[in-house]
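The values are calculated or read from the model by the stated rules, or taken from the named source; none is laboratory data. Owing to the predicted nature of the structure, the values given are computational and were not obtained by experimental measurement. Positions of Cβ are generated from backbone atoms using ideal geometry, with glycine treated the same way; all protein chains shown enter the neighbour counts.
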Amino acid sequence: MKVTVDLSGGLELLFDKKKVHQIEFSDKNEIPLRELILYMRDNLLKERAELFVVDNTVRPGILVLINDADWELFGGIEYNVEDKDTITFISTLHGG
Amino acid sequence: MKVTVDLSGGLELLFDKKKVHQIEFSDKNEIPLRELILYMRDNLLKERAELFVVDNTVRPGILVLINDADWELFGGIEYNVEDKDTITFISTLHGG
Amino acid sequence: MSAVYIKDHSLNSNEIERYSRQLITPDIGVQGQMKLCASRVLVVGAGGLGCPVALYLATAGVSVLGIVDYDTVEISNLHRQIGHQESSTGVPKAVSLANTIKSINSLVTVNTYETTFTSETAMDIIKNYDIVVDASDNVATRYLINDACVLSKKPLVSGSALKWEGQVTVYNYENGPCYRCIFPTPPPVDTVTKCSDGGVLGPIVGVIGSLQALETIKIITNNKEGVLSGRLLIYDGMSAVFRTVRIRGRQPHCSVCGDNPTVTQLIDYTEFCRSNYSEAAGKVDDRV
Amino acid sequence: MSAVYIKDHSLNSNEIERYSRQLITPDIGVQGQMKLCASRVLVVGAGGLGCPVALYLATAGVSVLGIVDYDTVEISNLHRQIGHQESSTGVPKAVSLANTIKSINSLVTVNTYETTFTSETAMDIIKNYDIVVDASDNVATRYLINDACVLSKKPLVSGSALKWEGQVTVYNYENGPCYRCIFPTPPPVDTVTKCSDGGVLGPIVGVIGSLQALETIKIITNNKEGVLSGRLLIYDGMSAVFRTVRIRGRQPHCSVCGDNPTVTQLIDYTEFCRSNYSEAAGKVDDRV
Ligand SMILES: [Zn+2]
Ligand SMILES: [Zn+2]
């Protein structure tokens, strides 16, 4: 399965400044969203993991979208990510 | 087959002020884009057809998109519209 | 009195002349212009977002515009804050922006509040307005504005920007979600980048502030369908791509707008967020 | 001279102070600010689009800003043209906007052209600038600006707006398409709605003008990847939805930028488009 991960609001700075990541899990058909997040923390994010994950979920202030809609509409972190899903992580902005 | 037609830039005023139209051709799998345009002229557009079609194609000043990309990238009016395609007609704006 | 022709609107000839191009716009019309000319909007923040928001709302003809800002104009503001002038350096931003507005539209009443928006001042200020625009620059103020809007039942047009990016949505509108429904817990202080650290471009706040003004106009003119409630607009200026995404509705368990709220009056948001009502100041801890 | 430290930039302390929040923005930096401070931009039109474009380019620190507009300020402009004041009624728009700019950023040189942009005047004006912004309001001027940009090899940042909608793209940039590549034939005169007929909202031109300013900044600072060339941004303000769509590249058969152009000098665009270089005036036929 292939998953597209989108990062915005500055989160891309934690991930090599890349806003779009293609992740492939050749041995899986689906993956719990929580596992994807921990996979990202352990494999894509090199340092300062606490800016992305706190208590085994995304830290407060990050909005997660599943195919362009709020993850809360799909069960939040309990969602099972499927082939070709796009998961977006948006750090909310506060400046003005 | 089902086609989604999007209208913008004021063209929707010619089509009952509706920006999105779902058109179904139950007896077809595909339809030449030219036929779709003439179908729209003859069935959806009640008056002032010359504001939409001139010389059997869209009038100058209308940009046509096939699934969000310029129709010129797909052969223009010779394109064959397929099931679930979205065809967008944009009247270019000149004001400021 | 003796006129045979009874006009069906309350606009005077100055207003008709000034707003003619606006009141002929579909879905505004004379009725929409009358609503605009009777509306009262509070803009919190007279900075990068507040300038275009206040300018476009004032030129559109709102009746009363409130502007809250404790800060004064500095030269380093002027690259993005187009409602201030060089000659206003040192002048309170609320006053400077109000003066600019008066020079463009003298029909608008502008109230200035040269104060920090706090738990003590917020409710008293907000009660005079129909709609609140969040053009602030820090986390604590954003939670404060949200709660004050929920408690006083006013819709909130929220915008934010940093570097090349921006976000816009409308909270607490027609039973839609509030800020806490989406973000129940404030972000860790270390994860918040300020404009003074990360920078921000003028056209980015120009886009976001203009979008906030338009949402406010839609709310005033009762164009409910179009209002960005339950949706979030995300803007990436570098790639020139916007996305309008669906977000959750009002959450029954929300601590302020839910069915059994635990927040029933304003709290201390600097403590809740561990940061100050000001971008310039650092964390609460730094004040020691 | 006696300094041991050799600074690697040419910004003076006034510029550093004023542009500090901008030059710390990623992909701008000190190098980008130096490019901005050396850039020359021509804005054609000082109306709804031209005001935010010119204000944000001036505050960002372009070196020389040219403003072309033959028209004078009227009260009915002020609901959307935030660079003019009530006291400027009757003043040429180019002059009025230039005065506003000077009050905000005195470091910028502003050249005003109180003239109609025509086949006779265009090339002489354009040659003094690096980039041209189309903030005009009529078809004939849009074709004229396009051809003048192609013939003088300048990128063109094009924006347009009407009612609740707007469009933005960049033409003639890095071998991308020009306006005629996309629209080889002018639209029939009856199909063109003017802002004076259809209306337009201030925040709509605010969004589009800000986007034009940002594209101009991207071009100046050489952020090539992000530039809206070969792409068109379509904005529907009522539904709060933007789309960035892919459009055709440069067309080898284009009559002005193609491999064998037939248009090798400016033509009479009022004749070509059957309409005037002015929104206010009607069709060419009406002049009789
Ligand atoms: Zn809530
Ligand atoms: Zn061309």
Test result for C:THR270, away from ligand 2 (no atom under 16 Å from the Cβ), more than 10 Å from chain D (Cβ to nearest Cβ) and touching a residue at least 60 places away in the same chain (Cβ under 8 Å): yes
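Here's the yes/no breakdown for (1) buried (at least 24 other Cβ atoms within 10 Å of the Cβ); (2) within 11 Å of another protein chain (Cβ to nearest Cβ); (3) without any contact (Cβ under 8 Å) to a residue 12 or more places away in the chain:
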{"site": "C:HIS84", "(1), (2), (3)": "yes, yes, no"}
{"site": "C:LYS93", "(1), (2), (3)": "yes, no, no"}
{"site": "C:LYS102", "(1), (2), (3)": "no, yes, yes"}
{"site": "C:THR112", "(1), (2), (3)": "no, no, no"}
{"site": "C:SER119", "(1), (2), (3)": "no, no, no"}
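The rows are residues; the columns are (1) crowded, with 22+ Cβ neighbours inside 10 Å; (2) part of a loop (DSSP other than H, G, I, E, B).
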| site | (1), (2) |
| --- | --- |
| A:PRO60 | no, yes |
| A:LEU63 | yes, no |
| A:GLU72 | no, no |
| A:ILE77 | no, no |
| A:PHE89 | yes, no |
| A:LEU93 | yes, yes |
Which one of C:VAL64, C:VAL44 is surrounded by fewer than 24 Cβ atoms within 10 Å (Cβ to Cβ), of a type in the set (A, V, I, L, M, F, W, C), out of contact with any Pro (no Cβ under 8 Å at 6 or more places or on another chain) and more than 14 Å from chain D (Cβ to nearest Cβ)? C:VAL64
Between D:SER87, D:SER10, which is at pLDDT below 95 and either polar (S, T, N, Q) or part of a loop (DSSP other than H, G, I, E, B) (or both)? D:SER10
Across segment A:1-25, which residue is surrounded by the most Cβ atoms within 10 Å (Cβ to Cβ) among those that are more than 17 Å from C:PRO187 (Cβ to Cβ) and free of Cβ contacts under 8 Å to residues at least 12 places away in the same chain? A:LYS18
Testing C:ASN128 on (1) crowded, with 22+ Cβ neighbours inside 10 Å; (2) part of a loop (DSSP other than H, G, I, E, B); (3) within 16 Å of the chain's Cα centre (by Cα), one condition comes back false. Which one is that? (1)
Restricting attention to segment C:118-140, report how many residues are in contact with a strand residue (DSSP E or B) (Cβ under 7 Å, 6 or more places away or on another chain) and closer than 25 Å to C:LEU201 by Cα. 8
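The rows are residues; the columns are (1) away from ligand 2 (no atom under 16 Å from the Cβ); (2) surrounded by fewer than 23 Cβ atoms within 10 Å (Cβ to Cβ); (3) facing chain B (nearest Cβ under 9 Å).
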{"position": "D:SER196", "(1), (2), (3)": "yes, yes, yes"}
{"position": "D:SER210", "(1), (2), (3)": "yes, no, no"}
{"position": "D:THR216", "(1), (2), (3)": "yes, no, no"}
{"position": "D:ASN223", "(1), (2), (3)": "yes, yes, no"}
{"position": "D:ARG250", "(1), (2), (3)": "no, yes, no"}
{"position": "D:ASN260", "(1), (2), (3)": "no, yes, no"}
{"position": "D:VAL263", "(1), (2), (3)": "no, yes, no"}
If D:PRO186 passes every condition in (1) within 16 Å of ligand 2 (Cβ to nearest atom); (2) buried (at least 19 other Cβ atoms within 10 Å of the Cβ); (3) more than 16 Å from D:SER136 (Cβ to Cβ); (4) not polar (S, T, N, Q) but one, which one does it miss? (3)
